[in-house]
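The values are calculated or read from the model by the stated rules, or taken from the named source; none is laboratory data. The structure presented is a predicted model; accordingly, all values stated were derived computationally and were not measured. Here the Cβ positions follow ideal geometry from the backbone for every residue, glycine too, while neighbour counts run over all protein chains shown.
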């Protein structure tokens, strides 16, 4: 379907998840029958003390433990780190960021500010995650993902001066409407439209594009003002429209269309105080069920149970735990490094899975974007090695905030090829300077996250599942004997907490069936 | 320009203000030279004890008093009611709503909830009002004005079943893109587009409309899902597109385009706890400067001063105050009822000004829109006598909330012709039922506001300025001797607090010039 690799990355990673997968399945003719239910609702079967060992304390692991514990299972979560959450990680003053390559950073933000290094938004369609926030009492606030005051910048557009999103959106619609009205009036669509529909279409296009009575686009106050309306003598005057040619030249459509990517649509939320308020709320419920510092090294199954061996990072000694079932929520990037007795086909599928290295750069600064640009949340886009700047939705109108300058992937990108952290920070600073000339000198206390370099993640989200996505997906949502796979990588919502939570629900249902079949004493 | 009366109402009132005025001035050839500044910044001249009497404690009056007081003027605000704010009015448990026709309602909401009967949003481009919130420490939160989860309903569309905004927006764009791509490929725009631009245009349209490789629109996951993506076997499936013909039939474009009306664009805010937190913050600063219960009856000017006579509603006696200058912020609907010695041309202009009777209906209910529809803020539109439903942005995820069922004008509308309050409440309930079948029975504690019936307002915003808007505007932004006119009706931002605040700034600058010219002892 001609979807570029870049698009694939952006959609799977940042901007959605299932878009690319869906497209791929369609193109392969592998879609199941229309109307099939996406997923059965959670219906836990009474556990009656069945033992479940859960590998990984990210969202999939926490949801699994929380629900199974409620249903009478004896759960243990093995978490390699001293914190839960996995990629749900809010970085604050004093947080150490240790890369696999030995690089270390310590966050130096002022007390009270945070940076969501992993997930940072909860769309309202992600009802499972919103439901957990409600149930666990995690206070939410609006995450402004779209703001007409944000900017688009391209050296070839508007003399390199940033353009407000309101102008990009409405000038584009104005030109499209003018061109289509022209065709309708010429009769180019007479085969498609009845004469009544033609009239209605023209009336609609005048409204849609804010066209003049002669059906031309002469600019719109929707795009902003050259003379701002006040209470003085001068009447307001709309900005001159940007020519369609220049808009095509700039090719910044991603910035214009991002608001309608299904997972990015308003209304979106974020937990007050950091995304990690969600794992913190689960942690409070789970208590001693979680074993920290447990670095899983081996999985072995018998006809009656499963034994997981791990390195206890506090004692430096090996330990193990035996259970009736195991839920493996670790990313496949990590699973492929450990010793398992999975069947050879599952091992092959896991080893063929590749991961993206998502990155983010965050800075602490005076809120120049609010105070000088009237930008409150949302994202600006530009044509630069760092192509997105994301403004905070936390604590609007306060003195300083955390601004994200760059969020994409390292693998296969110019950004990823930059030689070192300093070069990456420089590229981030330059992007912010292009949007906000003179302001980049106020950027302080940078934090650079590259998920490919974070131990126990080794990637941000699945990049590809080998050559046969559909069959891989079908296989990995099924267990390998007593080991069930969960995590966003085993869902249609890759890269989102919702996918992780729903994968946990699926797994709980599957274990329920096994329990009902008396499967704790046979295979 | 063929702008309908309805459109005029909607734009001047609800949706903006200057759009219609601007259009009208353009069509009359009365626009000032392009590039002229809209308004000079506030630059108060030291008052040195000059006395200013300010008529009306709405936003224009409060801003005038606050700034002049800071600059060393001796100010008195005469406010007819026992509260400040004017149309900025948040209704809570126990609030009495007394109409001029004698009808009385008492708000019966549960403790802690409110309904903003007047202004209810602060767009981020209204920097003056946001500035006052910052300066006075009024905490703000996001007002969600656009949400892709809201609904559009028309009996002729989708069998009468409400359609999500995400589908309306994205299906419309899909069809428009398909039609334009067809024309481009047919060569209908060969005179307008170079062959290179044609290629780029087609590539753009594929992205813009989420078209198939053959440039047809077959539906988009941007519009939502028939099969929701989960972690089960079934792959996600986009909704079937609504036909363009049906969308034209429904003619619900207002609901689709409202998000790009310049004053309605994200990001928008609201004060936490009610819009009246703004007047309350001014009130705290002004203290005894405000005289409550002062019902202005007469204005008389001499060569050296101005005397305002008012009925003290507490004592029932007449009282008066003499000052060097007067700022009259009362709406012209009220000014025309009092005894003044304004020049005959000003009197005539004031008497020719007509006002709209904006209304709102609010209900208290369980948040069925959140819990069952995933709607968090924003507005739904329908083709009904009550054509808009507005969901609260306060206290998302809490148990109950205040939902507005109906916000438009009474004058000249079917709603206004309904015989009594009960019929209006019934119409509101029916609208909510059409959007949320089965839920309207949960609506309780209605409050119905009709600003035309509120004493000391007698209207919601200016409907028209007589036959010659441009010359009226030019005249009313100038003083009548010692009396200066302020209020949103003396700005290009009619119906918004920003216009009121900017009109106060203009007036303060004008009084500054008078003071500098030693105008307090001569005219």
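The table below lists the values:
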| item | result |
| --- | --- |
| The stretch A:476-488 - residue that is more than 10 Å from chain B (Cβ to nearest Cβ) and out of contact with any helix residue (DSSP H, G or I) (no Cβ under 6 Å at 6 or more places or on another chain) and, of those, farthest from residue A:400 (Cα to Cα) | A:481 |
| Odd one out for residue B:171 among (1) more than 10 Å from chain A (Cβ to nearest Cβ); (2) surrounded by fewer than 23 Cβ atoms within 10 Å (Cβ to Cβ) | (2) |
| Selection status of residue A:226, surrounded by fewer than 22 Cβ atoms within 10 Å (Cβ to Cβ), within 8 Å of chain B (Cβ to nearest Cβ) and under 30 Å from residue B:42 (Cβ atoms) | yes |
| Exclusive hit being surrounded by fewer than 24 Cβ atoms within 10 Å (Cβ to Cβ), away from chain B (no Cβ under 13 Å) and touching a helix residue (DSSP H, G or I) at 6+ places or on another chain (Cβ under 6 Å), set A:183, A:154 | A:154 |
| Filter result for residue B:400 (surrounded by 21 or more Cβ atoms within 10 Å (Cβ to Cβ), away from chain A (no Cβ under 14 Å) and touching a strand residue (DSSP E or B) at 6+ places or on another chain (Cβ under 6 Å)) | no |
| Yes/no for residue A:115 being buried (at least 24 other Cβ atoms within 10 Å of the Cβ), modelled with pLDDT of 95 or more and outside the structural domain of residue A:320 (by TED's automatic domain parsing) | yes |
| Single residue of B:35, B:85, B:58 found to be at pLDDT below 95 and in contact with a strand residue (DSSP E or B) (Cβ under 8 Å, 6 or more places away or on another chain) | B:35 |
| Among (1) free of Cβ contacts under 8 Å to residues at least 40 places away in the same chain; (2) surrounded by 15 or more Cβ atoms within 10 Å (Cβ to Cβ); (3) closer than 27 Å to residue B:274 by Cβ, the one test that residue B:314 misses | (2) |
| Hey, residue A:477 crowded, with 17+ Cβ neighbours inside 10 Å and closer than 27 Å to residue A:510 by Cα or not | yes |
| Selection count, the stretch B:451-472, where residues are crowded, with 21+ Cβ neighbours inside 10 Å and either within 12 Å of chain A (Cβ to nearest Cβ) or assigned to a strand (DSSP E or B) (or both) | 4 |
| Failed item in (1) within 12 Å of chain B (Cβ to nearest Cβ); (2) in contact with a strand residue (DSSP E or B) (Cβ under 9 Å, 6 or more places away or on another chain), with residue A:161 passing the rest | (1) |
| Selected residue (only one of A:209, A:219, A:149 is within 12 Å of chain B (Cβ to nearest Cβ) and closer than 28 Å to residue B:396 by Cβ) | A:149 |
| Odd one out for residue A:365 among (1) without any contact (Cβ under 8 Å) to a residue 24 or more places away in the chain; (2) touching a helix residue (DSSP H, G or I) at 6+ places or on another chain (Cβ under 6 Å) | (1) |
| Residue within the stretch A:233-248 that is crowded, with 16+ Cβ neighbours inside 10 Å, outside any helix (DSSP H, G or I), over 21 Å from the mean Cα position of the chain (by Cα) and more than 12 Å from chain B (Cβ to nearest Cβ) present | yes |
| Some residue of the stretch A:191-199 being facing another protein chain (nearest Cβ under 8 Å) and under 21 Å from residue B:243 (Cα atoms) | yes |
| Condition broken by residue B:389, with the remaining ones in (1) under 18 Å from the mean Cα position of the chain (by Cα); (2) part of a loop (DSSP other than H, G, I, E, B) satisfied | (2) |
| Any hit, the stretch A:492-500, residues being in a helix (DSSP H, G or I) and more than 24 Å from the chain's Cα centre (by Cα) | no |
| Condition check for residue A:464: under 26 Å from the mean Cα position of the chain (by Cα) and under 21 Å from residue A:282 (Cα atoms) | no |
| Segments classed as helices (runs of 4 or more DSSP H), wholly inside the stretch A:282-374, with at least 1 members that are outside the structural domain of residue A:120 (by TED's automatic domain parsing) | A:332-335, A:344-352 |
